[in-house]
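Input: a single structure, listed below in C-alpha cells.
Derivation of every value follows stated rules applied to the coordinates shown; laboratory data play no part. Every value quoted in this text rests on a predicted model; they were computed, and no experiment measured them. Positions of Cβ are generated from backbone atoms using ideal geometry, with glycine treated the same way; all protein chains shown enter the neighbour counts.
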Amino acid sequence: MTSLGLVPNVAGPWGGAYSINNAGQIVGYATNPNYSNAFLWIPDSPNAATGSFTVLPNPPGTTLGGRSATSINDSGVIVGAEGAGGGGGVRPYFSSGVFVWQPSSPNGGLSDLDNTRYPQPLINSHGQILAYTSSTTLFTPSPANDGSYIQTALPINASATALNDKGQVVGYTTIGTQTLSYLWTPEAPNASTGNLTWFDAGVDNLIITAINNKGQVVGRLSNYARDSWAPVLWDPTIGLIDLNSAVIQPPDGFTLTSALAINDSGQIVVSGFTLIPYARGDGYQEVRRSFLLTPAVPEPHSAVTAAALLLLAIRRRPPNP
C-alpha cells in the first residue's frame, strides 16, 4: 500500500481522491476551511507505486470555493467541479461550474464549460463529458479528446450516475412516488445522438449506479414501501437479477443492499450490513462492509454461459482498521 502523502503548498489537512486511470494517474482534491485545490498525482512510471503531485490552479483571487478534480481518462484529460470547497471540506452536492484540464496544452490547459455545473462531472476515454446545464448534458468532442464539444441534452430531466467508454449513460429520476432508471445509448459509439430506454422494474424502485463497456449495469432495487433494498445486475442477455439470490457463498450474517460498480470482467463491488448486539444488551449496532463479487464463469459466449454469470463467488474486502 502506498500513501500519496500531502499535496504541496495547500495549507489544509483535508483531501481525497476521486478517480484513477489505467496509467495509474490519480485525481482528487485538497482543501482548507475556505477553498479546495484540484490535484493530479502522476506515477514516476506507468502504474508505479511512487509519484508526485501537480496542483491544478484555481482562478486568480480565489478565497472561497475552489476546484475539485473528479474524473480522469486514459489520455490524461481531467474534469472537475468549480466552487466545490469550503466549510472544512468539499461540498459533495454543490458546484458553480465545470472545468476541463487538457494535458496537451501548454502547462496543461484549463477551460470552463459554459453555463455548466455538476458536483462530480465524468469523462470517458473518448473525452465525452457528462455534466449539467439546464438538464443533464453530454459533451462530445470531435475528434476524440479535442476540447471542442457538441452538446447533447438527454431527453429527460434526471440524474446521471455513470458514463462508459462507448458513450452510454445511465441514471434515474423520480416520477410521482416511484424511482425509475434509464439507459441512453448513442446511435453509434460516442455519437452525439441516441435513444433513451427505461429499465423495467415493475412497481419497484430502481436506482442504477454504474455501467461497464459491455453494457451491463448494476444498482439497487427496493419494493414500493422502500423498507428494504437489494443489489441488482442487469445484463442485455438475461435482464434484471437480484444478486442476493446469485451468490454462491454469501457472507455470514450480512445482507447485501447495493451494487456500486462493475468492470468489464463482470466483477461487481457491493455493500451490505449486519446487526451486532451491543455488549450491554440494549440494542444493535449496524455494521457495513464492502464485498467483491467475481463471476464463476468469465467471458460468456452464449445465453447458456451468460446465465452462469449469476453464480458469483464472493470475496470480502478487509474491514476498516
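When peptides 72-82, 275-285, 148-158 are sorted by average Cβ neighbour count within 10 Å, with the highest value leading, the order is 72-82, 148-158, 275-285.
Cβ-Cβ distance of Asp146 and Gln178, R₀ of 41 Å, FRET efficiency by 1/(1 + (r/R0)^6): the value works out to about 0.55. Note on the stretch 183-265: Rg/Rh from Cα positions, Kirkwood definition for Rh, rounded to two decimals, is 1.02. Net length available on complete extension from Asn263 to Asn22 is 85.5 nm, with 0.36 nm assigned per residue and the Cα-Cα distance removed.
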